[in-house]
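These notes concern the structure reproduced below.
The values are calculated or read from the model by the stated rules, or taken from the named source; none is laboratory data. Since the model is a prediction, treat every value here as computed from it, not as a measurement. Methodologically, a virtual Cβ is constructed for each residue, glycine included, from the backbone with ideal geometry; neighbour enumeration extends over all protein chains shown. Note: accessible area is taken over every heavy atom of the protein model, side chains too, but ligands, DNA and RNA are not part of it. Shrake-Rupley method; radii C 1.70, N 1.55, O 1.52, S 1.80 Å.
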Amino acid sequence: RSRFVADFLGLTNMVPATITGTDGDDAIVSCIFGEARARGARTDWKAGQQVALTVRPSALLVTRDDERTSGASGSVVASVYQGESFLYVVDVGGATVQTYGPATTRWLEGDRVGLALRPDASLWLLDD
């Protein structure tokens, strides 16, 4: 529900988003990764409302930028090998985004990559 809790529970990206509509308890949001469904503790979201969206690094797919069909484009700023995967830090239009990629593919600093939301990603809206 809050930035503190989201940070406390592990790595997360705080992404600005705009509510574009609702569907039951879900909010439909527009963010740098495109349109997505998200949930929050509240259900009184209004179209046009500015919100903060938590996007876990595991909720993002990283691809070569020229293979991207949706989402955002960015440049790799840093990478950390973690055994079965790499943790990437990507600059997306001045915003820093963290994501994971498989150990079988290595993106280097300066490489252009595409970032898209996984279809099964769980996204949460923050109250604060």
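Rounded to the nearest percent, how much of the accessible area of the chain (1.4 Å probe, protein heavy atoms only) is carbon and sulfur?
Numbers: 3570 of 7100 Å².
The value for the chain is 50 percent carbon and sulfur by accessible area.
Just to be sure I understand: with springs between alpha-carbon atoms less than 10 Å apart, which residue in Ser30, Ser75, Ser85 has the highest mean-square fluctuation in the Gaussian network model of the chain?
Top of the fluctuation ranking is Ser85.
Where does the longest stretch of the chain lie that holds no trypsin sites (Lys or Arg not before Pro) found in a DSSP loop with 15 or fewer other Cβ atoms within 10 Å? Before the final figure, lay out each step's value.
Numbers: sites that count: Arg1, Arg42, Lys46, Arg106.
Answer - 47-105.
With bins 10 Å wide starting at 0, give me the P(r) of the stretch 29-127 over every alpha carbon pair, in whole percents.
Taking every Cα pair in the stretch 29-127, the percentages come to 15, 46, 28, 10, 1.
Which percent of Cα-Cα pairs in the stretch 81-128 sits in each 10 Å bin, short to long?
Using 10 Å bins, I get a P(r) of 20, 47, 28, 5 for the stretch 81-128.
Based on Cβ point charges of +1 for Lys and Arg and -1 for Asp and Glu, what charge dipole magnitude is obtained for the stretch 29-128 about its Cα centre, in debye rounded to the nearest 20? Could the numbers behind the result be given before it?
Details: 10 positive and 12 negative charges, 46 e Å.
With Lys and Arg at +1 and Asp and Glu at -1, about 220 debye.
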